[in-house]
Each structure stands twice: as structure tokens, then as C-alpha cells.
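The values are calculated or read from the model by the stated rules, or taken from the named source; none is laboratory data. Just so it is clear, the structure is predicted and the values come from calculations on it, not from any experiment. Here Cβ is always computed from backbone atoms with ideal geometry, including for glycine, and neighbour counts include all displayed protein chains.
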Amino acid sequence: MNTHDHQGLVVFHHPLIAHKLATIRDQTTAHRMFRATLKQIAGLMVYEVTRTFETTPIDVQTPMTTTSCNVLKGTVTIVPVLRAGLGMIDGILDVMPEARVGHLGLARDEQTLEPVTYLEKLPSDLSAGPVILVDPMLATGGSASAALTMLKDQGAKDLRMICLVAAPEGVARLRNDHPDVTLYTAALDEKLNDKGYILPGLGDAGDRIYGTN
Ligand code: PRP
Ligand code: URA
């Protein structure tokens, strides 16, 4: 069962997700297992994240007769924030292979904690359907807020964000900057430390996915 609060935050409470999150948080989990587990969690989460997608009726000819079916309305776009967001993409595409993928490269300046953009490669018609921003970590919320602003500037209207671990500070930032965007997370953690890392968190997600720590 999921908990929904009235301000557009959905925190997952599911035994499988909880089990896999324990693996991900464990400092002894090496990058190969970390990556595989993150992919699995992303696939489980996207089923719920897409629950509010609109559908449109179509007629389908079965071998027996014609019947009315429902298909997704519009073109779905998934946008990972590099690097760490890439770790969730394959799990999402396994479930929704028809989705398009746009890319945003943002790196947090370690001194100021402000995001620096180094790549923006998005489809031009983001208004063509739902857009899901993907980044496992929501810390100060600076990267996610900047990414959502970039997506809106490119025409995105129907936006959701999926992350793995969120800090209260990041949730508050998103609720202030983008109250129209529902945020889905597997865990709402306690706080940030003085370097902007999430506690208890899982460390640096990009480094743990790619073994660069
Ligand atoms: C991490 C993470 C988010 C950001 C979160 O990326 O994947 O994008 O930090 O922090 P914020 O909420 O305070 O902005 P990072 O900048 O470390 O880049 P990486 O994925 O390339 O490691
Ligand atoms: N980015 C990460 O990868 N981890 C954190 O805890 C905070 C920001």
C-alpha cells in the first residue's frame, strides 16, 4: 500500500521495494548488485507512477469480434538526470518500452550545492504526453527543481518525478517551486548532513552505480 499526502508526495510502502532498498543502502553492496537492484526497484515503481496516466479508447479486432480497448494517450517521455538517473531507465523501459528518453546532464557543485547543466537533449514536443523526471536522489532539491523548470520551458505540461530516496529539504523545495508535480519516492529520509548528503541515504548514487567511488 502507498501513502499519499495531500501535497503531491507518494511514499511507497511495499515489501519488495523495502527489501531491495535495504540492499541498495548497504555499504557492502558493490556496483554490479547496486545497479541490478536499482533497475528492479525502478520497474516496480513505474507501475504505480503511471497509474494516473490518461488512456484513450480504440476499437480492436480480435480473432472473434471487434471490441473496445484502452491505450495510453499521447507519447510518454522519460527524462533521467545524468548520471544517476540513468540507473533507473532500463527498469522503466522494460515495463514501458514505447517511451521516449530525453537526457539532462546536471552536476551538483560540491561547494555551492547548486546544479550545473552540461547536457540538454530533449524531444522538441514535450507537450505530446506525460513526462517523468527520473533521479534516484532528491537532496537539496536544487537539481530536480532546475530540471523541472527546463522541462516546463520545453513545453512539458503533464509532469511527475520518480526518485528513490528523498530528503525533507528536497521535498519542501519541490513543493514550493513545482507544486503541480507529483513526487514518487521509495523512502523519505531524515535530513541532509552539512555537505548536502542524505542521512541515512545511500552515499553518492552515481558513484555507487558506476563504481567510481
Ligand atoms: C546527485 C543526484 C542528483 C543530485 C541531488 O547527482 O543524482 O542529481 O545529486 O542533489 P540535490 O537535490 O542537492 O541537487 P550529482 O550531482 O552527484 O551527479 P552524478 O549523478 O553525476 O554523480
Ligand atoms: N546526491 C547523492 O548521490 N547522494 C546524496 O546523498 C545527495 C546527493
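Can you tell which of ASP135, ASP207, ASP189 is within 11 Å of ligand 2 (Cβ to nearest atom), among the charged types (D, E, K, R) and closer than 11 Å to VAL79 by Cβ? Before the answer, list the steps.
Details: ASP207 fails: closer than 11 Å to VAL79 by Cβ; ASP189 fails: closer than 11 Å to VAL79 by Cβ.
Just a single option satisfies the conditions, and that option is ASP135.
Given MET96, MET33, which one is over 19 Å from ASP158 (Cβ atoms) and more than 12 Å from the chain's Cα centre (by Cα)?
Details: MET96 fails: over 19 Å from ASP158 (Cβ atoms).
Result of the check over MET96, MET33: MET33.
Tell me, please, whether a residue that is acidic (Asp, Glu), in a helix (DSSP H, G or I) and modelled with pLDDT of 95 or more can be found in region 40-57. Steps first, answer last, please.
Taking region 40-57 as the starting set, the residues that turn out to be acidic (Asp, Glu) are 48, 54.
Checking which are in a helix (DSSP H, G or I) leaves us with 48.
Okay, now just the ones that are also modelled with pLDDT of 95 or more, so none.
No, region 40-57 contains no residue that is acidic (Asp, Glu), in a helix (DSSP H, G or I) and modelled with pLDDT of 95 or more.
Please find, among VAL60, VAL79, VAL71, the residue that is closer than 16 Å to ASP135 by Cα and at pLDDT 95 or above.
VAL79
If the requirement is being over 20 Å from ARG208 (Cβ atoms) and touching a Gly at 6+ places or on another chain (Cβ under 9 Å), which of these qualifies: VAL76, VAL81, VAL60? Walk me through it before giving the result.
On the way: VAL81 fails: over 20 Å from ARG208 (Cβ atoms); VAL60 fails: touching a Gly at 6+ places or on another chain (Cβ under 9 Å).
The match here is VAL76.
What are the residues in region 172-198 that are among the aliphatic types (A, V, I, L, M), surrounded by fewer than 22 Cβ atoms within 10 Å (Cβ to Cβ) and within 13 Å of ligand 1 (Cβ to nearest atom), if any?
Hits for region 172-198 are ALA172, LEU192.
Which count do you get for residues in region 184-201 that are within 16 Å of the chain's Cα centre (by Cα) and of a type in the set (A, V, I, L, M)?
Within region 184-201, residues that are within 16 Å of the chain's Cα centre (by Cα) and of a type in the set (A, V, I, L, M) number 3.
Take region 5-34 and flag every residue that is over 18 Å from LEU183 (Cα atoms) and outside any helix (DSSP H, G or I).
Matches in region 5-34: ASP26, GLN27, THR28, THR29, ALA30.
Quick grid of which residues meet (1) touching a residue at least 24 places away in the same chain (Cβ under 8 Å); (2) basic (Lys, Arg):
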position: ALA166; (1), (2): yes, no
position: ARG173; (1), (2): yes, yes
position: VAL181; (1), (2): yes, no
position: ALA186; (1), (2): yes, no
position: GLU190; (1), (2): no, no
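Looking at region 110-133, I want the residues that are without any contact (Cβ under 8 Å) to a residue 12 or more places away in the chain and have a partner that is in a strand (DSSP E or B) with Cβ atoms under 6 Å, at least 6 apart or on another chain. Which pairs are those?
Pairs that qualify, where the first residue is without any contact (Cβ under 8 Å) to a residue 12 or more places away in the chain and the partner is in a strand (DSSP E or B), are VAL116/ALA107.
Kindly state which strands (runs of 3 or more DSSP E) lie completely within region 72-129 and contain at least 2 residues that are crowded, with 18+ Cβ neighbours inside 10 Å.
So the answer is 77-82, 103-108.
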